[in-house]
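Report on the following structure.
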Amino acid sequence: MELDVGRQCSLKSCKQLDFLPFKCPACSLSFCENHWKPGDHSCVKRREYELKRDNKTIDCPVCSLPISIPFGQDPNIYVDEHIRKGCKKVEIYPHKCSVEKCNQKVAVRIKCKNCNKNYCLKHRFPGDHNCAKKVSNVNNTDTCGIQ
């Protein structure tokens, strides 16, 4: 009685019976431990596999988004193309304080629940920014919320 366990190495000069065969990532044939890499068995799909595998990713110097660069290509061409297509620098602190002479910007929106305007940490409470809609309860300090 013969058991159908394992596979023979697909390399013609080897043909070793392997109970835990490896699969070539390029051609998907089964090989022994010594021949499973595309370079070890002269794989016909090696070049195609390397082109797919060797893409690089670099960050855009303007907006910091990742840009994929195919193997062997000039990264400058792809970065220029990305910038020409409308790359915009992402503002880190986009929320400006609504107090007239305050130029503070914050990363997190702090919106007053009474007047619905944005404020910095210094002016976040209604008493600190002369809120147009005064709160009747003086002890209530939870009138501004972070969104």
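The numbers here are math on the coordinates, done by the rules we state, and not lab data. Here the structure is a predicted model, which is why all the values come from computation and not from measurement. Cβ sites come from the backbone with ideal geometry, for glycine too, and all protein chains shown count toward neighbours.
Return an integer: the convex hull volume of the alpha-carbon atoms of the chain, in Å³ per residue. Mind dumping the intermediate values first?
Working: hull volume 34.7 nm³, N = 147.
Here the figure is 236 Å³ per residue.
Treating the angle as unsigned and between 0 and 90°, give the value, to the nearest 10°, between the Cα long axis of helix 75-84 and the longest Cα principal axis of the chain.
Its long axis makes an angle of about 40 degrees.
What lysines sit close enough to LYS37 to cross-link, taking a C-alpha to C-alpha distance under 22 Å and skipping anything fewer than 8 places away on the same chain?
Excluding near neighbours in sequence, the set is LYS12, LYS15, LYS23, LYS45, LYS52, LYS56.
To the nearest 20 Debye, how big is the dipole of the chain about its Cα centre, given +1 on the beta carbon of each Lys and Arg and -1 on that of each Asp and Glu? Don't skip to the answer; put the middle values down first.
Numbers: 26 positive and 16 negative charges, 216 e Å.
The dipole magnitude comes to about 1040 debye.
Could you go through region 110-122 in sequence order and give the Karplus-derived ³J(HN,Hα) for each residue, using 6.51 cos²θ - 1.76 cosθ + 1.60 with θ = phi - 60°, rounded to whole Hz, and x for Gly and Pro?
10, 10, 6, 6, 8, 9, 6, 10, 8, 9, 7, 4, 5
Near the amide H of LEU11, under 5 Å away, which other amide H atoms are found, from residues 5 or more places off or on another chain, if H is placed in the peptide plane?
Hits under the 5 Å cutoff: CYS32.
What is the distance, in nm, between label points placed 7 Å from the Cα along the Cα-to-Cβ direction at ASN114 and at LEU51?
6.7 nm
What is the set of long-range amide H partners of ILE69 at a cut-off below 5 Å, with H atoms built 1.01 Å from backbone N?
For ILE69, whose amide H was placed from the backbone, the distant partners under 5 Å are LYS56, THR57, ILE58.
What is the P(r) of region 1-52, as percent of Cα-Cα pairs per 5 Å bin from 0?
Histogramming region 1-52 at 5 Å steps yields 5, 24, 29, 20, 11, 7, 3, 1, 1, 0 percent.
Could you name the lysines in cross-link range of LYS122, using Cα to Cα under 17 Å and dropping any fewer than eight places away on the same chain?
Candidates past the 8-residue exclusion: LYS96, LYS101, LYS105, LYS111, LYS113.
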